[in-house]
Amino acid sequence: MNLSIERLFGVAGKTVVITGGSRGIGEMIARAYVANGARVLLTARRAAELSALVAELGPLAEGVPADLSTLDGIEAFAAEVEARTAKVDVLFNNAGATWGETFDAFPETGWNKVMDLNVKSVFFLTRRLVRLLEAAAQGEEMARVINVGSIDGLHVSPMETYSYAASKAAVLHLTRMMAKFLAPRGILVNAMAPGYFPSRMTAGVAERVDREVMAATPLGRWGRLEDMAGVALFLGSRASAYLCGSVVVADGGYATTA
């Protein structure tokens, strides 16, 4: 049996779709796949940021601006993906939003915005692309869907981000549901639950919370590009072929040991 790194972890030649791909964790995932020879289709709402990243990543990267918080936006993006490829080997449902406000003041706007993008889009985009995912499945080589959750879906956050925490808990259980019913169709569904990685979303973390989190993190640091790259490549490669409905936590030990 061939147990080489190339066979187990190689992603060259795969077609990968990454939502929320212009910055933060999505950008880290895109860099990892392009560096290892995969074709990457990225989407984000901010066209200028997306174009700049695609230009930097080179010919293996393509950008499609889209707003996945609406069904119309999902349909437009999926139609563009269909026009560009006959299969999708790996789908990263990474696009997300957050909202912080006190319990007494938390608005319906902050609830709906986060739930629509963080939860609804995961289900409906995957469903819309399911034929392309099925087309990528060849025998025991299954397509992959990786839903990006958060440790905030596993523990109680020190911040009042009610809809975000609820949405990420929903994503993790939605992953288990999708895993059960899509596996017979040749699609493996798993999730990752990142901790604190540098992004625009985490840039608003209060200095007090940052100190508390780092003090409670056994590794004593934020996540880095290579930390996310390793997890993302593992979940999209043959090495993860027996994971189904799993959640891979990458948090330096913060939520998992606190």
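Limited to the range 238-258, what total is found for residues that are under 13 Å from the mean Cα position of the chain (by Cα) and among the small types (G, A, S)?
Within the range 238-258, residues that are under 13 Å from the mean Cα position of the chain (by Cα) and among the small types (G, A, S) number 1.
Please verify whether V64 is touching a Gly at 6+ places or on another chain (Cβ under 8 Å) and either surrounded by 16 or more Cβ atoms within 10 Å (Cβ to Cβ) or of a type outside the set (S, T, Y) (or both), treating the condition exactly as stated.
So V64 does not fit the description; no.
Is at least one residue of the range 160-176 surrounded by 18 or more Cβ atoms within 10 Å (Cβ to Cβ), assigned to a loop (DSSP other than H, G, I, E, B) and of a type in the set (A, V, I, L, M)?
Taking every residue of the range 160-176 in turn, none turns out to be surrounded by 18 or more Cβ atoms within 10 Å (Cβ to Cβ), assigned to a loop (DSSP other than H, G, I, E, B) and of a type in the set (A, V, I, L, M).
With respect to R45, is the statement that it is of a type in the set (K, R), out of contact with any helix residue (DSSP H, G or I) (no Cβ under 6 Å at 6 or more places or on another chain) and modelled with pLDDT under 95 true?
yes
Looking only at residues in the range 96-136 that are assigned to a loop (DSSP other than H, G, I, E, B) and of a type in the set (G, A, S), which one is surrounded by the fewest Cβ atoms within 10 Å (Cβ to Cβ)?
A105
So which strands (runs of 3 or more DSSP E) stay within the range 1-75 end to end and still have 2 or more residues that are under 14 Å from N93 (Cα atoms) and touching a Leu at 6+ places or on another chain (Cβ under 9 Å)?
In the range 1-75, the matching strands (runs of 3 or more DSSP E) lie at 15-19, 39-43.
Please find, among V90, V11, the residue that is out of contact with any strand residue (DSSP E or B) (no Cβ under 7 Å at 6 or more places or on another chain) and either of a type in the set (A, V, I, L, M) or crowded, with 22+ Cβ neighbours inside 10 Å (or both).
The match here is V11.
Out of A44, A32, which single residue is surrounded by 22 or more Cβ atoms within 10 Å (Cβ to Cβ) and closer than 22 Å to R128 by Cβ?
Of A44, A32, the one residue that is surrounded by 22 or more Cβ atoms within 10 Å (Cβ to Cβ) and closer than 22 Å to R128 by Cβ is A44.
Report, by residue number, each residue of the range 220-237 that is crowded, with 17+ Cβ neighbours inside 10 Å, assigned to a helix (DSSP H, G or I) and over 13 Å from the mean Cα position of the chain (by Cα).
D227, F234
The values are calculated or read from the model by the stated rules, or taken from the named source; none is laboratory data. On a predicted model such as this, the values are computed, not experimentally measured, just so you know. All Cβ positions, glycine included, derive from the backbone under ideal geometry; neighbour counts span all protein chains shown.
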